[in-house]
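Below is one structure; the comments refer to it alone.
The values are calculated or read from the model by the stated rules, or taken from the named source; none is laboratory data. Predicted model only: the values in this text are computed from it and were never measured. Quick reminder, even Gly has a Cβ in these numbers, built from the backbone with ideal geometry, and neighbours come from all protein chains shown. We work out accessible area using only protein heavy atoms, side chains counted, and drop any ligands, DNA or RNA first. Shrake-Rupley method; radii C 1.70, N 1.55, O 1.52, S 1.80 Å.
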Amino acid sequence: MQDLGADGIAAVLRLSDRFVEVAQRAIPKVPALRGRTVATLFSETSTRTRLSFETAARRLSADVVSFSPTGSSIAKGESLRDTVETVAAMGVDCFVVRHACAGVPAQVAGWTGASVVNAGDGWHEHPTQALLDCATIRQVLAERDGRRAEDTGTEAFAGLRVTIVGDVAHSRVARSDVHALAALGASVTLVAPGSLLPPSLAGWPVAAATSDLDAVLPDTDVCYLLRLQTERGAGAFVPSLREYTAGFGLTARRADRLPEHAVILHPGPMVRGVEIAAEVADLPRTAVLRQVANGVAVRMAVLFLLLGAEEVPADA
Ligand code: NCD
């Protein structure tokens, strides 16, 4: 996210508007990447991100191949590098990589001439999640003004008060979102128990960090909830789930403290009853499924920018 900057983010959002329109067609498919092959390499569990990338690639008419360590020769002892080079030799144009270790997508990029997209690496980054979050926020802000997202830029992010709540320390989503939102001029506040904040906030462009969620909610325009990353050991950093929810869960009572216009986001998967109450997850202002829908368009934009022609074809 840091490389992309405000102009890069705005360019992805502008292009993704075109693909939001494609999704609304009777046949939501364009020939832009016909003949290209996209490989998804996911060594961590995933529902939305993997299906979203695969849907995006197919809607651009690319061929898609998928592999995961358990179902591939990695389980027979082959190194990740040999596996990547093997798949690349079959003629892959783009690898979409998710891995439990930070830095693996960057490593893969060094082993192949194909494009590589980071679909989440350890605690490090999840850039397309941040892009789809920005697309969703932009859409909500435009609608609030009675405008269409495609008629707006990213001006409305200036001064926008975004509160990110939960397991910030282990969250690649938080890292990418903080950089994207700060680049666009938003003011980000982190809310977490001290044990789930990064040991140092050096390099985190945030306005504040606190453990008092109730105090921050009335001054929040976007409330972004994070799941406790139990697979990364987060459970050891809270006394109990019940206590975590008591202090940091967005209960119905807490959601009432938000201004009327505030929107609630979550990258998914949500754990109802822990970071978000079931009734809050189903509120009209909770835009989780909109995030998922925008994810496909944003990933189409990313794949198109990496693999497509210089110009967006007229039929795209
Ligand atoms: C996130 C992830 O895997 O980083 N999910 C997603 O991609 N939408 C967040 C999470 O698992 O908590």
Only Cα pairs under 8 Å and at least 6 apart count here; give the relative contact order of the stretch 68-219 as a rounded whole percent.
-> 16 percent
Run a plain Debye calculation on the stretch 160-316 (Cα atoms as equal point scatterers, no solvent) and give log10 I(q)/I(0) at q = 0.10, 0.16, 0.19, 0.20 Å⁻¹, rounded to two decimals, same order as the q list.
-> -0.39, -0.89, -1.19, -1.30
Using only alpha carbon pairs under 8 Å that are at least six residues apart, calculate the relative contact order of the stretch 1-73 and give it in whole percent.
-> 32 percent
May I ask you to give the percent of accessible area on the stretch 95-168 that is carbon plus sulfur, with a probe radius of 1.4 Å?
-> 52 percent
Given Val222, Gly5, Gln291, which one lies farthest toward the positive end of the charge dipole of the chain, if we put +1 on the Cβ of every Lys and Arg and -1 on the Cβ of every Asp and Glu?
-> Gln291
When all protein chains stay in place, what accessible area (Å², nearest 10, 1.4 Å probe) is found for Phe237?
-> 90 Å²
The chain, relative contact order [Cα under 8 Å, separation at least 6], % | 21 percent
Let me see the pair-distance distribution of the chain: every alpha carbon pair, 10 Å bin width, integer percents in order.
-> 6, 27, 34, 23, 9, 1
Sulfur and carbon atoms: percent of accessible area, the stretch 196-236 [1.4 Å] = 53 percent
Taking Cα atoms, how many degrees apart are the long axis of helix 48-59 and the longest axis of the chain, rounded to 10 and kept between 0 and 90?
-> 40 degrees
What size of dipole, in debye to the nearest 20, comes out for the chain about its Cα centre when the only charges are +1 on Lys and Arg C-beta atoms and -1 on Asp and Glu C-beta atoms?
-> 580 debye
Estimated translational D of the stretch 228-316 in µm²/s (Stokes, Kirkwood radius over Cα pairs; 10 °C; 1.306 mPa s) | 101 µm²/s
Using the Kirkwood formula on alpha carbons, the hydrodynamic radius of the stretch 4-66 in angstrom works out to 13.0 Å
When the Kirkwood radius is taken over all Cα pairs of the stretch 86-156, what Stokes-Einstein diffusion coefficient follows at 25 °C and 0.890 mPa s, in µm²/s?
-> 172 µm²/s
Would you mind getting the accessible area per residue of the chain, heavy atoms of the protein chains only, 1.4 Å probe, in Å²?
-> 43 Å²
Dividing the convex hull volume of the alpha carbon atoms of the stretch 130-209 by its residue count, what do you get in Å³ per residue?
-> 80 Å³
Cut-off 12 Å between beta-carbons: net charge of the residues surrounding Ser195, Lys and Arg +1, Asp and Glu -1 = -2
Cα-only radius of gyration and Dmax that characterise the stretch 76-206, units Å = 18.0, 57
Hey, what number do you get for the chain at 222 nm if only DSSP H runs of n ≥ 4 count, each worth -39500 (n - 2.57), divided across all residues, to the nearest 500?
-> -11500 deg cm²/dmol
Please determine, in degrees from 0 to 90 and to the nearest 10, the orientation of helix 288-307 with respect to the longest principal axis defined by the Cα atoms of the chain, where the helix direction is its Cα long axis.
-> 40 degrees
Does anyone have the angle between helix 172-183 and the longest principal axis of the chain? Alpha-carbon axes, 0 to 90°, nearest 10?
-> 80 degrees
Run the 1.4 Å probe and let me know the accessible area of Glu125, rounded to the nearest 10 Å².
-> 20 Å²
Evaluate the charge dipole of the stretch 118-202 about its Cα centre and quote only its size in Debye, nearest 20, assuming +1 on the Cβ of each Lys and Arg and -1 on the Cβ of each Asp and Glu.
-> 140 debye
Cβ under 14 Å from Phe157's Cβ, Phe157 left aside: what net charge do those residues give with Lys, Arg +1 and Asp, Glu -1?
-> -3
